[in-house]
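Here the structure is laid out as C-alpha cells; the discussion comes afterwards.
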Amino acid sequence: MQRKRTRRILGILILLISLIVLIWGLWPFATHVRSLPVSPTEMQLPAPGSLLPGAAWTAFAVCLPGELNG
C-alpha cells in the first residue's frame, strides 16, 4: 500500500508541475514591436558582375543525376 500511495503522490506532483509549465508557456506576456524603416534601394541585390568581376556569367548548366554523360 505504501508503494501505491507514493506512486500516486508522485504522479499528481508531475501532473501539477507539467500544468504549471504549460500555463506559464501559454501566458500572454507583453509583446514588443520594433519597426525599422528600410528604403527600397537597400533591398536590391548587387549585380552578379560586381560580386566576381572576372567571372563570365553567361550560361549555367544544370545536370541531374540521371543526365550525366560519361
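The values are calculated or read from the model by the stated rules, or taken from the named source; none is laboratory data. These numbers come from a predicted model, not from an experiment. Heads up, the Cβs are rebuilt from the backbone with ideal geometry, glycines too, and the neighbour counts pull from every protein chain shown.
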**Report entry** Pairs where the first residue, in region 34-53, is at pLDDT below 85 and the second is in a loop (DSSP other than H, G, I, E, B), C-beta under 9 Å, 6+ apart
**Finding:** Pro48/Ala55; Pro48/Trp57; Gly49/Ala55; Gly49/Trp57
Query raised in the report: Among (1) surrounded by 10 or more Cβ atoms within 10 Å (Cβ to Cβ); (2) of a type outside the set (Gly, Ala, Ser); (3) at pLDDT below 90, which single condition is Glu67 missing?
Result: (1)
